[in-house]
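Have a look at the structure below before the remarks.
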Amino acid sequence: NAGVMQNPRHLVRRRGQEARLRCSPMKGHSHVYWYRQLPEEGLKFMVYLQKENIIDESGMPKERFSAEFPKEGPSILRIQQVVRGDSAAYFCASSRGTSESYEQYFGPGTRLTVT
Amino acid sequence: RKEVEQDPGPFNVPEGATVAFNCTYSNSASQSFFWYRQDCRKEPKLLMSVYSSGNEDGRFTAQLNRASQYISLLIRDSKLSDSATYLCVTRGTYKYIFGTGTRLKVLA
């Protein structure tokens, strides 16, 4: 049973380019979360999605960042016109649902470097 | 005040030692609690959920005190492979809040 998959694992972009990060949740999981982690810092919640719905995007910057989780295919985190401050590890996690017993599992992350 | 607070450490302990980490949370409406471990430059991995009655998994014991809004993790007989950052996590309705972690280094 494959775990949460993310690609690419490493992404280098020049300032002003677009970055697209993909996340395929675990089989049977319909809830996806995106987090950002800066070096030596904790995980910061960005957005929570279910299939075709953004449930909570309160942790995502209002400009340049967007996320989607279409009916078919992976969840996508899109960063337009990247800046150096966007350099970080972006982790995706999935869970089966929001019941108390449902645990969250992480993908290996995408390390974005903006040059 | 942070929603989940942890002592960042580092805790440097010899192999075989017992070490305890504490965590406090501010949201009394938190419903679920977890400990994750994160190795350097890797993804967080679920270590264990924390139940009201306390629970044990091998050398690891987790405790929850809802009245004091306090969670603990005890590691017995530390191994070199336990060296990692331990993240305390709470969950409300659906949102997971991560502490910044406590760094543990087990020394040979």
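Values quoted throughout were computed directly from the atomic coordinates according to the rules given, and no laboratory measurement underlies them. Worth saying up front: this structure is predicted, and the values here are computed from it rather than measured. Every residue, glycine as well, gets a Cβ built from its backbone with ideal geometry; the counts of neighbours run over all protein chains shown.
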For this session: For region B:53-108, give the magnitude of the charge dipole about the Cα centre (Cβ charges: +1 Lys/Arg, -1 Asp/Glu; no others), in debye to the nearest 20.
Result: 180 debye
Problem set entry | Dipole of region B:34-90, positive direction: furthest Cα of B:V50, B:S83, B:A62, with charges on the beta-carbon | B:S83
Problem set entry | Backbone HN-Hα couplings from phi across region B:91-108 [Karplus 6.51/-1.76/1.60, Hz, Gly and Pro as x] | 9, x, 5, 8, 8, 9, 10, 9, x, 7, x, 10, 8, 10, 10, 9, 9, 6
Exercise. Ordered by residue, what ³J(HN,Hα) values in Hz, to whole numbers, does region A:3-14 give under the Karplus form 6.51 cos²θ - 1.76 cosθ + 1.60, where θ = phi - 60° and Gly and Pro are x?
Worked result: x, 6, 10, 10, 8, x, 7, 10, 9, 10, 10, 8
Exercise. Once the dipole of the protein assembly as shown is set up with Lys and Arg at +1 and Asp and Glu at -1 on Cβ about the Cα centre, which of B:P8, B:S28, A:V47 lies farthest towards its positive end?
Worked result: A:V47
Problem set entry | Cβ charges +1 (Lys, Arg) and -1 (Asp, Glu), total dipole of chain B, debye | 260 debye
Exercise. Summing +1 for each Lys or Arg and -1 for each Asp or Glu, what net charge is found among the other residues whose Cβ lies under 10 Å from the Cβ of A:K71?
Worked result: -1
Exercise. Based on the Cα atoms of chain A, what semi-axes does the equivalent ellipsoid have, where each is the square root of 5 times one gyration tensor eigenvalue, given in whole Å with the largest first?
Worked result: 23, 14, 13
For this session: Let me know the shape class of region B:30-87, please: from the alpha-carbon gyration tensor, a ≥ b ≥ c as square roots of the eigenvalues, rounded when a/c is under 1.5, otherwise prolate if a/b is greater than b/c, or oblate.
Result: oblate
Exercise. Can you list the lysines whose alpha carbon sits under 17 Å from that of A:K27, skipping same-chain ones fewer than 8 residues off?
Worked result: A:K51, A:K71
Exercise. In whole Å, how far is the Cα centre of region A:62-108 from that of region A:1-48?
Worked result: 5 Å
For this session: Kindly provide the Kirkwood hydrodynamic radius of chain B in Å, to one decimal, from all pairs of distinct alpha carbon atoms.
Result: 13.9 Å
Exercise. When the distances between all Cα atoms of the protein assembly as shown are binned every 5 Å from zero, what whole-number percent does each bin get?
Worked result: 1, 7, 14, 18, 18, 16, 12, 8, 4, 1, 0
Seminar exercise, completed: Once phi for every residue in region B:35-44 is put through the Karplus expression 6.51 cos²θ - 1.76 cosθ + 1.60 (θ = phi - 60°), the whole-Hz ³J(HN,Hα) values, with Gly and Pro written as x, are 10, 10, 10, 10, 8, 3, 6, 10, 7, x
Problem set entry | Local electrostatic count, B:R41, Cβ distance below 14 Å [Lys/Arg +1, Asp/Glu -1] | +2
For this session: Output the lone cysteines of the protein assembly as shown: those with no second cysteine's C-beta under 4.7 Å from their C-beta.
Result: B:C40
Problem set entry | Cβ-defined net charge surrounding A:L21, 13 Å radius [Lys, Arg +1; Asp, Glu -1] | +4
Exercise. Under the definition of Cα pairs under 8 Å and six or more residues apart, what whole-number percent is the relative contact order of region A:1-94?
Worked result: 35 percent
